[in-house]
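Report on the following structure.
The values are calculated or read from the model by the stated rules, or taken from the named source; none is laboratory data. Given the structure is predicted, the values throughout are model-derived calculations rather than measurements. In this analysis, Cβ positions are derived from the backbone assuming ideal geometry, glycine residues included, and neighbour counts consider all displayed protein chains.
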Amino acid sequence: MTPSRPLRSLLAAASIALAVPLAHAQQPAATPPAGQPIISAQARLLPVIAPNGMVSSQEAQATRIGVEVLRKGGNAVDAAVAVGFALAVTLPRAGNLGGGGFMLVHLADRNETVAIDYRESAPAAAHRDMFLDEKGEPDPKKSRDSGLAVGVPGTVRGLAYALEKYGSGKFTLADLVAPAERLAREGILVEDDLADSLPQAAARLGRDPATAAIFLKDGRPFRRGERLVQTDLADTLAAVARGGPDAFCRGPVAEKIVASVRAAGSVMTVDDLARYRVIERKPVRGTYRGYEVVSMPPPSSGGVHLVQILNILEGFDLAAMGAGSADALHILAEAMKPAYADRAAWLGDPDRVDVPVRGLTSKLYADSLRIAIDKDRARPAEEVKAGDPLPYESDQTTHFSVVDKDGNAVSNTYTLNFSYGAGFVAAGTGVLLNNEMDDFAAKVGALNAYGLVGGETNSVAPGARPLSSMTPTFLFKDGKLALVTGSPGGSRIITTVLQVIVNVVDFGMNIAEAVVAPRIHHQWQPDRLLVESGLSPDTLRILATRGQKVTVGATSGSANSIMVTPEGLAGVSDTRQRGTLAAGY
């Protein structure tokens, strides 16, 4: 399929991007030739500055595709849709057609923000005890590795919905799918994140012949520098370009998806795919030190608990404590614990259970939680219980951020759950399938793959959407867009976004410094404080003396973010993964 004229030169344009060093975080670089992408030098801990548009994603080719859409007159939603389809090809462990996610869209001319829920859903035949073994205990193999693990995917409908309702009208769906189709058909070089992740996932990908035929070469993972061609995926993308989302959710593609998952034990039917609907929801809103926080509502827990934790923190002078200090990190950890306890007790699919969003995000409720925090002592997990917000009622995932020249913005997080999802493609489609059903509570009190405690409100039910931690977020100052952020990272998504905001607002960091700074995470259960490397050993010792059970572990997240500054749009891609890129024009 040949791309339309506006995008015909897209891939060529991607190859002439130039690196521009910056002298200072708030000083724009020298302007390159008109229309050429500006790309950041990440090692400088400085953002890239561009006046007309910015895209930050976890994969460079997808970023460049988004920038080219902006350069050709598209708005932020147009660019986001192109990036979303491209990542399905170039970042197959997380970018997807066979998963789902959440998109925040800010419409500058209306000064309005909408939340688009295209989260996966349970098949109509799903039931409460479907992931239990014969003894009535959770069986992780069922919820993570079998066909039962696959939720009804929403990505294709979600991206198409966003384009139809909020796109500029200058590009068709076919226009924006075309670059992804070409990359899949012509092949991409295995490098960066793809070269890192394929060997790690090879054993899972090799279990299914159709999947192994795509992602393994002579029985081994592709090596760095070899070319990965995804012909079946290209054909599926071409079908979507011709027929829209119905070409994915009905007809031959849908039939192949259902045949594959049912052969692996699923109860999904073609009617489940045909009936899937995107839902537009009202964002969660809060305030923090003069900023308005706008984030994703349930069935994501991200926005609710981001606002809840920020409300707790607002009663402490973090700036006086200092970035990276034991005092500040201790308070952050203690504020995280009650939020995750509440997550287990109160959060679920809002179309099925009543979620007390207003109570959980109430400043008064935060006051009641804050008084239990001891500045000198960590509370053991068993001392932290879910609160009562009712009286106050008045790993693998990827995130990208986009802002256009008119101030429209997209914060999008979508996922397959595990790296490469369930580990198999629907034969004949090239579509990697999710294992998002593991995000339901297999049994009350049981842990999912990320160690999150499951509650009654998140039990499996027909058509329900599993609880998520995805936290696409905007910050506004005096009614104007200030920050677009979000991250992958499983249960650590909420605390990753939290710390980007705290680093900017409390500690005055530029957006590059805020993203790169070492992070911590505490999710109540298990009772441990996860810490990235880079913090002082003395700081870790002080935290331990206060009772924090410190575990120094692997990095997490990819908080690809954009900040609006007087000098222009300041973009940064997270250096925790290889191949990330922030670029503008």
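Values as computed for the structure displayed
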{"read-out": "Residue match in region 361-372 (condition: within 25 Å of G451 (Cβ to Cβ), crowded, with 21+ Cβ neighbours inside 10 Å and touching a Lys or Arg at 6+ places or on another chain (Cβ under 7 Å))", "value": "no"}
{"read-out": "Only one of L530, L540, L569 that is closer than 13 Å to T495 by Cα and not in a loop (DSSP other than H, G, I, E, B)", "value": "L530"}
{"read-out": "So A482, is it under 30 Å from D109 (Cβ atoms), of a type in the set (A, V, I, L, M, F, W, C), modelled with pLDDT of 95 or more and surrounded by fewer than 24 Cβ atoms within 10 Å (Cβ to Cβ)", "value": "yes"}
{"read-out": "Hits in region 255-280 (condition: among the aliphatic types (A, V, I, L, M), closer than 29 Å to V105 by Cα and touching a strand residue (DSSP E or B) at 6+ places or on another chain (Cβ under 9 Å))", "value": "L273, V278, I279"}
{"read-out": "Residue within region 533-547 that is under 22 Å from P380 (Cβ atoms), more than 17 Å from the chain's Cα centre (by Cα), among the hydroxyl-bearing types (S, T, Y) and modelled with pLDDT of 95 or more present", "value": "yes"}
{"read-out": "Selected residue [touching a strand residue (DSSP E or B) at 6+ places or on another chain (Cβ under 9 Å), surrounded by fewer than 21 Cβ atoms within 10 Å (Cβ to Cβ) and at pLDDT below 90] from V453, V444", "value": "V444"}
{"read-out": "Number of positions in region 485-497 that are out of contact with any Ser or Thr (no Cβ under 6 Å at 6 or more places or on another chain) and at pLDDT 95 or above", "value": "1"}
{"read-out": "Residue satisfying condition, being out of contact with any Phe, Trp or Tyr (no Cβ under 8 Å at 6 or more places or on another chain), among the acidic types (D, E) and under 27 Å from F440 (Cβ atoms), within set D246, D235, D271, D218", "value": "D271"}
{"read-out": "Qualifying residue in region 498-516 (condition: within 19 Å of A341 (Cβ to Cβ), assigned to a helix (DSSP H, G or I) and at pLDDT 95 or above)", "value": "yes"}
{"read-out": "Among (1) assigned to a loop (DSSP other than H, G, I, E, B); (2) touching a helix residue (DSSP H, G or I) at 6+ places or on another chain (Cβ under 8 Å); (3) over 30 Å from G445 (Cβ atoms) - the single one A124 does not satisfy", "value": "(3)"}
{"read-out": "Filtered residue count, region 555-567, keeping only those that are surrounded by fewer than 23 Cβ atoms within 10 Å (Cβ to Cβ) and touching a Leu at 6+ places or on another chain (Cβ under 9 Å)", "value": "2"}
{"read-out": "Pair list, Cβ under 8 Å, 6 or more apart: region 97-120 residue under 11 Å from G158 (Cβ atoms), other residue surrounded by fewer than 17 Cβ atoms within 10 Å (Cβ to Cβ)", "value": "I116/E280; D117/E280"}
{"read-out": "Failed item, numbered, when E334 is tested on (1) out of contact with any helix residue (DSSP H, G or I) (no Cβ under 7 Å at 6 or more places or on another chain); (2) within 30 Å of H127 (Cα to Cα); (3) buried (at least 24 other Cβ atoms within 10 Å of the Cβ)", "value": "(2)"}
{"read-out": "Condition met for A80 (of a type in the set (A, V, I, L, M), in a helix (DSSP H, G or I) and crowded, with 24+ Cβ neighbours inside 10 Å)", "value": "yes"}
{"read-out": "Selection status of L369, touching a Pro at 6+ places or on another chain (Cβ under 7 Å) and farther than 24 Å from V504 by Cβ", "value": "no"}
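The rows are residues; the columns are (1) in contact with a strand residue (DSSP E or B) (Cβ under 6 Å, 6 or more places away or on another chain); (2) not hydrophobic (A, V, I, L, M, F, W, C).
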| position | (1), (2) |
| --- | --- |
| L483 | yes, no |
| S487 | yes, yes |
| V504 | no, no |
| E513 | no, yes |
| G584 | yes, yes |
